[in-house]
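Undergrad: Here you go, one structure.
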Amino acid sequence: MTLDRQIKTWILMISSNDNTMKKFSEKGVPTKETPCQVAESSDVIITMLPTSSNVLDVYFGQNGLIESQNHLSPWLFIDSSTVDPQTSRKISMSISKCHLKEKKGYVEKPIMLDAPVSGGVPAAEAGTLTFMVGGLEAAYLAAEPLLLAMGKRTIYCGGSGNGAAAKICNNLAMAISMIGVSEAFALGQNLGIRASTLTNIFNSSSARCWSSDTYNPVPGVMPGVPSSRNYDGGFASKLMAKDLGLAITSAAEVGLESPLTSKAHNIYKRLCEKGYDSKDFSCVFRHYYSGKDEN
């Protein structure tokens with residue numbers, strides 16, 4: 001199947017925020033009131049929600065995308081939420097047991113892909129997201145042009161749930177890296193080294209990483225990143241805490257010890273408890289290590 005056919009696209013807002021719906025309507029974007037109504041009017045559904053419970057509610061809840069329906073209009077469901085692999089596999093299995101109201105191409109039954117993204121708000125705005133995709137490879141190949149309309153790269157990760165698993169691993173490494181870089185900057189400043197100097201050293205030596213050269217956590221060192229706008233925007237600390245919780249649960253399920261993950265999880269939970277839950281996760285530099293804002 002190719003995606004060069006006309007695809008009906010709707011905006012689905014899982015929110016009671018009428019102002020948000022109005023904003024999209026005023027821009028000429030069709031809107032619907034319930035997930036079920038969106039599903040009835042669409043060929044492809046893309047969801048991106050904060051938590052596993054949100055995803056399950058949108059798919060299985062009252063007036064949900066599939067609810068108790070046996071025959072569905074969409075042939076493809078793509079969930080780009082960051083959830084546990086088990087949730088993705090549960091939804092995929094349920095969708096695979098449904099039927100299509102009408103056959104579309106060679107597809108006889110609806111299909112689901114889990115396709116979380118990496119890149120954060122800046123990449124979403126620039127259209128440079130990376131999609132990590134789990135599910136049937138044939139469905140991945142069919143959906144790739146649609147994903148590349150929203151991002152710059154897609155990576156096939158294997159069977160159902162593997163995209164979700166890849167995203168959890170990515171965010172685990174990202175959280176620990178950000179904490180390590182922040183701790184090093186805090187130590188450096190307390191030893192009398194300016195953050196800008198230490199950044200130049202990191203980025204030209206073995207300490208170089210995304211947290212130092214692309215998303216620096218020290219205010220004033222790098223323009224355009226959350227640390228330079230009071231940690232507003234970006235990836236919220238509460239979401240990082242949630243993702244680390246998913247990683248801990250997944251590690252326990254396979255019997256893997258994950259001491260650094262547990263420590264990082266505790267740090268981000270403390271940030272949230274202190275009221276920084278909506279601040280970008282790079283705020284760990286200022287609000288956990290109490291770093292000086294000297295660049």
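Undergrad: Could you pull out the residue among ASP277, ASP243, ASP213 that is charged (D, E, K, R) and under 21 Å from SER290 (Cβ atoms)?
TA: ASP277
Undergrad: Among the residues of the stretch 149-161, which ones are open to solvent by 50 Å² or more (accessible area, probe 1.4 Å) and farther than 13 Å from ILE78 by Cβ?
TA: The answer is LYS152, ARG153, ILE155, TYR156.
Undergrad: Let me ask something else. Output the residues belonging to the stretch 120-136 that are of a type outside the set (A, V, I, L, M), open to solvent by 50 Å² or more (accessible area, probe 1.4 Å) and modelled with pLDDT of 90 or more.
TA: If the condition is that a residue be of a type outside the set (A, V, I, L, M), open to solvent by 50 Å² or more (accessible area, probe 1.4 Å) and modelled with pLDDT of 90 or more, then THR128 is the only one that fits.
Undergrad: Here is a further query. Please state which one of LEU187, LEU172 is part of a helix (DSSP H, G or I) and in contact (Cβ under 8 Å) with a residue 12 or more places away in the chain.
TA: LEU172
Undergrad: Just name the residue that is most open to solvent (accessible area, probe 1.4 Å) out of those in the stretch 66-97 that are in a loop (DSSP other than H, G, I, E, B) and within 30 Å of VAL254 (Cβ to Cβ).
TA: Here the answer is LYS97.
Undergrad: Still on this structure, please answer the following. Sort out which residues of the stretch 213-231 are within 21 Å of the chain's Cα centre (by Cα) and either within 17 Å of HIS287 (Cα to Cα) or buried (at least 20 other Cβ atoms within 10 Å of the Cβ) (or both), and write them in order of number.
TA: TYR215, ASN216, PRO217, VAL225, PRO226, SER227, TYR231
Undergrad: So which residues in the stretch 14-65 are open to solvent by 40 Å² or more (accessible area, probe 1.4 Å) and charged (D, E, K, R)?
TA: Correct list: ASP18, LYS22, LYS23, GLU26, LYS27, LYS32, GLU33, GLU40, ASP57.
Undergrad: Take ALA207 and decide whether it is farther than 30 Å from MET93 by Cβ and at pLDDT below 95.
TA: It is false that ALA207 is farther than 30 Å from MET93 by Cβ and at pLDDT below 95.
Undergrad: Look at the stretch 137-159 and say how many of its residues are at pLDDT below 95, farther than 27 Å from SER282 by Cβ and part of a loop (DSSP other than H, G, I, E, B).
TA: Number satisfying all stated conditions: 1.
Undergrad: Six or more apart or on different chains, Cβ under 9 Å: which pairs go from a residue in the stretch 23-47 that's closer than 18 Å to GLU102 by Cβ to one that's open to solvent by less than 30 Å² (accessible area, probe 1.4 Å) and in a helix (DSSP H, G or I)? Could you list them?
TA: VAL44/ALA143; ILE45/PRO35; ILE45/VAL38; ILE45/ALA39
Undergrad: Report whether or not ALA139 is open to solvent by 20 Å² or more (accessible area, probe 1.4 Å) and either within 30 Å of ASN203 (Cα to Cα) or assigned by the TED database to the domain that holds ARG89 (or both).
TA: Considered against the rule, which asks whether it is open to solvent by 20 Å² or more (accessible area, probe 1.4 Å) and either within 30 Å of ASN203 (Cα to Cα) or assigned by the TED database to the domain that holds ARG89 (or both), ALA139 comes out as no.
Undergrad: Would you mention how many residues in the stretch 21-58 are closer than 30 Å to GLY245 by Cα, part of a helix (DSSP H, G or I) and hydroxyl-bearing (Ser, Thr, Tyr)?
TA: Counting residues in the stretch 21-58 that are closer than 30 Å to GLY245 by Cα, part of a helix (DSSP H, G or I) and hydroxyl-bearing (Ser, Thr, Tyr) gives 2.
Undergrad: Every residue in the stretch 106-125 that is in a loop (DSSP other than H, G, I, E, B) and either within 16 Å of LEU147 (Cα to Cα) or touching a Ser or Thr at 6+ places or on another chain (Cβ under 8 Å) (or both), please.
TA: LYS109, PRO110, ALA115, PRO116, GLY119
Undergrad: Could you pull out every one of the helices (runs of 4 or more DSSP H) wholly within the stretch 232-295 that has 3 or more residues that are basic (Lys, Arg) and open to solvent by 50 Å² or more (accessible area, probe 1.4 Å)?
TA: 259-271
Residues are listed down the side, and each one gets a yes or a no for (1) within 27 Å of GLY234 (Cα to Cα); (2) in contact with a helix residue (DSSP H, G or I) (Cβ under 9 Å, 6 or more places away or on another chain):
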position: VAL38; (1), (2): no, no
position: PRO50; (1), (2): yes, yes
position: ASN54; (1), (2): yes, no
position: LEU65; (1), (2): no, yes
position: ASN70; (1), (2): no, no
position: LEU76; (1), (2): no, yes
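The values are calculated or read from the model by the stated rules, or taken from the named source; none is laboratory data. Every value quoted in this text rests on a predicted model; they were computed, and no experiment measured them. When we count neighbours, we look across all protein chains shown, and the Cβ atoms used for this are built from the backbone with ideal geometry, even at glycine. The accessibility values were calculated without ligands, DNA or RNA, using every heavy atom of the protein model including side chains. Shrake-Rupley method; radii C 1.70, N 1.55, O 1.52, S 1.80 Å.
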